[in-house]
1. If VAL153 satisfies all but one of (1) of a type in the set (A, V, I, L, M); (2) buried (at least 20 other Cβ atoms within 10 Å of the Cβ); (3) out of contact with any Leu (no Cβ under 9 Å at 6 or more places or on another chain); (4) in a helix (DSSP H, G or I), what's the number of the condition it fails?
2. Go through ASN84, ASN146 for me and flag whichever is touching a helix residue (DSSP H, G or I) at 6+ places or on another chain (Cβ under 7 Å), among the polar types (S, T, N, Q) and part of a loop (DSSP other than H, G, I, E, B).
3. Would you say LEU227 is in contact with a helix residue (DSSP H, G or I) (Cβ under 7 Å, 6 or more places away or on another chain) and within 23 Å of VAL153 (Cα to Cα)?
4. So which of ILE257, ILE266 ends up being closer than 17 Å to TRP219 by Cβ, at pLDDT 95 or above, part of a loop (DSSP other than H, G, I, E, B) and aliphatic (A, V, I, L, M)?
5. Please go through segment 71-114 and pick out each residue that is in contact with a His (Cβ under 9 Å, 6 or more places away or on another chain) and under 25 Å from PRO26 (Cα atoms).
6. Looking only at segment 222-252, how many residues end up being of a type in the set (Asp, Glu) and closer than 12 Å to LEU197 by Cβ?
7. For VAL132, only one of the following conditions fails: (1) out of contact with any Gly (no Cβ under 6 Å at 6 or more places or on another chain); (2) in a loop (DSSP other than H, G, I, E, B); (3) closer than 24 Å to GLU51 by Cβ. What is its number?
8. Exactly one condition in (1) closer than 18 Å to PHE6 by Cβ; (2) part of a loop (DSSP other than H, G, I, E, B) is false for GLY170; which is it?
Amino acid sequence: MAVSQFTGTGVAIVTPFRNDESVDFPSLEKLIGHLLAGGVNYLVVMGTTGESVTLNRDERHALLEFVKETAGGKIPVVVGIGGNNTQAVVSKIRDTDLNGVAGILSVAPYYNKPGQKGLYQHFKTIASASPVPVILYNVPGRTCSNLAADTVVQLATDIKNIVAVKEASGNFSQIMEIIRKAPPGFQVISGDDGITLPIIALGGAGVISVLANVLPAEWSEMVKLALQGNLKKAREIHYRLLPLIGLLFAEGNPAGIKAALSSRGIISNHLRLPLTPVSRSLYQAIARELETK
């Protein structure tokens, strides 16, 4: 499986819900069509933005099959499979039909706060169980454990099907160490829309984006320009969209992006508890900001 499939703009797609909190597949089809028309490079289903922790087994399987059928053959599909119980993650991998899936995005274990040795062994075990490439996901703000640069580099060096890391630590020293030390072909992907441009400028491969759910063409163009080395034009788009990025995350993700998509008529503004929609004032601010784009 070519590592280049994870270059450019990946989108951490939301999971639309109806009023009764069931999965809204017609809205999901509409969203995927919107993303395909916007020229994104790949989709990530059932990540944090997809509220994966609130989905049951049948919903997860149905969602993945639907996304594969709708987007399969057009752009690659990545599926989020992670957790803080290594054997449970391995069981989920074995229980998932990965035919037609380009890779797995696996978040670092949360809550139990493993050390670097435990993180290494966790991902080594997952990679050995996975028939498709694995993208590590480091997001210390959510997990309370940081996947250190040396651990990422060791995993990338030792294990062939660990092919990339989605880096959302915000620690540029760490990000640069990974880019500098990682073996050829290993990719560092931005996990934070707001710092995508500088990460690409440092040698990153692109982004797994939240913002691109609502403005796929604009964000894909920014990423494409940055990867081509046209930082002047990329900066213009970056700064034009930066205020919107701030609004989307002001009351948490995916509440902000669901508000944005709702204001554009793509999905309804429903989340599953414990998450709740953004405040009315923020919804209006997001809608106003989108009107200028």
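The values are calculated or read from the model by the stated rules, or taken from the named source; none is laboratory data. Being a predicted model, the structure only gives us computed values, none of them experimental. Here the Cβ positions follow ideal geometry from the backbone for every residue, glycine too, while neighbour counts run over all protein chains shown.
1. Tallying (1) of a type in the set (A, V, I, L, M); (2) buried (at least 20 other Cβ atoms within 10 Å of the Cβ); (3) out of contact with any Leu (no Cβ under 9 Å at 6 or more places or on another chain); (4) in a helix (DSSP H, G or I), VAL153 fails exactly one: (2).
2. Details: ASN84 fails: touching a helix residue (DSSP H, G or I) at 6+ places or on another chain (Cβ under 7 Å).
Among ASN84, ASN146, only ASN146 is touching a helix residue (DSSP H, G or I) at 6+ places or on another chain (Cβ under 7 Å), among the polar types (S, T, N, Q) and part of a loop (DSSP other than H, G, I, E, B).
3. Working: in contact with a helix residue (DSSP H, G or I) (Cβ under 7 Å, 6 or more places away or on another chain): yes; within 23 Å of VAL153 (Cα to Cα): yes.
Yes; evaluated as a whole, the condition is true for this residue.
4. Working: ILE257 fails: part of a loop (DSSP other than H, G, I, E, B).
Testing whether each residue is closer than 17 Å to TRP219 by Cβ, at pLDDT 95 or above, part of a loop (DSSP other than H, G, I, E, B) and aliphatic (A, V, I, L, M) leaves just ILE266.
5. THR96, ASP97
6. So in segment 222-252, the residues of a type in the set (Asp, Glu) come out as 236, 251.
Pick out the ones that are also closer than 12 Å to LEU197 by Cβ and you get 236.
Number of matching residues: 1.
7. Only one criterion in (1) out of contact with any Gly (no Cβ under 6 Å at 6 or more places or on another chain); (2) in a loop (DSSP other than H, G, I, E, B); (3) closer than 24 Å to GLU51 by Cβ is unmet by VAL132, namely (1).
8. That leaves (1) as the condition not met.
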